[in-house]
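Below is one structure, written out as structure tokens, with a few remarks after it.
The values are calculated or read from the model by the stated rules, or taken from the named source; none is laboratory data. Everything numeric in this text was worked out from a predicted model, so none of it was measured. Reconstructed Cβ throughout: ideal geometry from the backbone, glycine too, with neighbour counts over all protein chains shown. Heavy atoms of the whole protein, side chains included, go into the accessibility calculation; ligands, DNA and RNA do not. Shrake-Rupley method; radii C 1.70, N 1.55, O 1.52, S 1.80 Å.
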Amino acid sequence: MINRFFSLNSDFAGAITAAVCAIHCSIFPILLSFGFISSAGHNHIFDWVFISIGIVIAGYTLVKDYNRNHKNKKPLIIAITGFSLLIFGIETHVSPILNVSGGLLIILSHYYNYKYSNCKKCIY
């Protein structure tokens, strides 16, 4: 069981974390607008915990695979853009679209990283 946990694909874990964050950031405003929850019920601790987990996973995975496997900066640039949108969206409360877009960009960065890391015949 422990070996299975540690052999979990870190790109998959990063994408799942970003997906949970994007879902949270898109559902909360909808529930708030329909009156199902109040704005007092939203705690930014959840946001910052998921961003922190995402940064740790993305930092470890993307930098490691960049150095060891593919030397392609595209996943790193996409992830930095995604985290920037996410943090800006959370801090300014401008629009949930920023948060969701940031989460989707982070998912995309893990997809490209996985694709580049597992492609044996690719030329970048």
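Would you mind listing the helices (runs of 4 or more DSSP H) fully within the range 1-65 where at least 2 residues are at pLDDT below 90 and surrounded by 13 or more Cβ atoms within 10 Å (Cβ to Cβ)?
Qualifying helices (runs of 4 or more DSSP H): 10-33, 44-65.
Being in contact with a Phe, Trp or Tyr (Cβ under 9 Å, 6 or more places away or on another chain) and among the small types (Gly, Ala, Ser) is the filter here; which residues of the range 16-40 pass it?
18
The rows are residues; the columns are (1) of a type in the set (Asp, Glu); (2) farther than 28 Å from residue 26 by Cβ; (3) surrounded by fewer than 16 Cβ atoms within 10 Å (Cβ to Cβ).
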| residue | (1), (2), (3) |
| --- | --- |
| 67 | no, yes, yes |
| 76 | no, no, no |
| 85 | no, no, no |
| 88 | no, no, yes |
| 118 | no, yes, yes |
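List the pairs whose first member sits in the range 42-60 and is touching a residue at least 40 places away in the same chain (Cβ under 8 Å), whose second member is of a type in the set (D, E, K, R) and open to solvent by less than 70 Å² (accessible area, probe 1.4 Å), and whose Cβ atoms are under 9 Å apart, counting only residues at least 6 apart or on separate chains?
Going by the 9 Å Cβ cut-off, the qualifying pairs are 57/11.
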